[in-house]
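The values are calculated or read from the model by the stated rules, or taken from the named source; none is laboratory data. Remember, it's a predicted structure, so these values are computed and weren't measured experimentally. Note: ideal-geometry Cβ built from the backbone for every residue, glycine included; neighbour counts use all protein chains shown. In case anyone asks, the SASA skips ligands and DNA or RNA and just uses the protein heavy atoms, side chains included. Shrake-Rupley method; radii C 1.70, N 1.55, O 1.52, S 1.80 Å.
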Amino acid sequence: KSLRHVNLARTVVERYPNVWICAWCDATALALNIVGGDPLVAAVVGKRALTSANESGAAAIVRSVTANLGRLAWVPGDFAKAADYLSQARQYTPERSSLALGLRETEARVHLAEGRLPESLAALDDVLIQDRSHAVSGSYVHRHALLTKAEVLSRLGRYQEAESFFTEAAELAARAGD
């Protein structure tokens, strides 16, 4: 359904050109192709999305596209490109917002995949310290950071600590109905 709405919006833009709407269509199509598990199409759509996002000048669109391109680069192991895109996305993100924390958690996952465990822990500590207001409610970013931290601690052989983070994440997920 979402892709259908994007295509409907594109038909409107063809008749009534609007750079901002076109950029949102491209950004949404990129996200949908990533979620849909089609990285080849996502890569093609991503190039167009980045161009239209920059043309639009809208910070939220640029942030969305660069963050998603970072995630797209991370999956096949292009960590340098992923880090670059995530860094770009952070430039368009209000500090200490849930969006900034989510980007930082994704950076931690990139470091984990690279085997840079101390850097991953540092990024996660930033997220978990800054996200204390969401800890009780179990925000998505907080739960994900807990899981990532447990993975890093497991890789370090710190299994009891890792178990406590897995347990906390599971309790928060249950409370949130996730």
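Quick rundown of the values:
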| item | result |
| --- | --- |
| Filter result for the condition that a residue is basic (Lys, Arg) and in contact (Cβ under 8 Å) with a residue 24 or more places away in the chain, over 96, 116, 48, 90 | 96 |
| Top-ranked residue of region 154-175 - restricted to ones that are touching a residue at least 24 places away in the same chain (Cβ under 8 Å) and among the hydrophobic types (A, V, I, L, M, F, W, C), ranked as nearest to residue 120 (Cα to Cα) | 156 |
| Positions within region 96-112 being of a type in the set (Gly, Ala, Ser), open to solvent by less than 50 Å² (accessible area, probe 1.4 Å) and part of a helix (DSSP H, G or I), in sequence order | 100, 102, 108 |
| Residue list for region 84-95, restricted to those being surrounded by 12 or more Cβ atoms within 10 Å (Cβ to Cβ) and charged (D, E, K, R) | 84, 90 |
| Region 33-70, subset of a type in the set (Lys, Arg) and surrounded by fewer than 21 Cβ atoms within 10 Å (Cβ to Cβ), residue farthest from residue 109 (Cα to Cα) | 48 |
| First in region 67-84 and β-branched (Val, Ile, Thr), second anywhere and in a helix (DSSP H, G or I), Cβ under 7 Å, 6 or more apart | 75/39 |
| Candidates 136, 152 - the one that is within 26 Å of residue 69 (Cα to Cα) and either modelled with pLDDT of 95 or more or of a type outside the set (Phe, Trp, Tyr) (or both) | 152 |
| Residue check, residue 157 within 30 Å of residue 29 (Cβ to Cβ) and open to solvent by 10 Å² or more (accessible area, probe 1.4 Å) | no |
| Residue ranges of helices (runs of 4 or more DSSP H) in region 1-72 with at least 2 members within 16 Å of the chain's Cα centre (by Cα) | 19-35, 39-56 |
| Test: residue in region 74-81 that is of a type in the set (A, V, I, L, M), at pLDDT 90 or above and either surrounded by fewer than 20 Cβ atoms within 10 Å (Cβ to Cβ) or not in a helix (DSSP H, G or I) (or both) | yes |
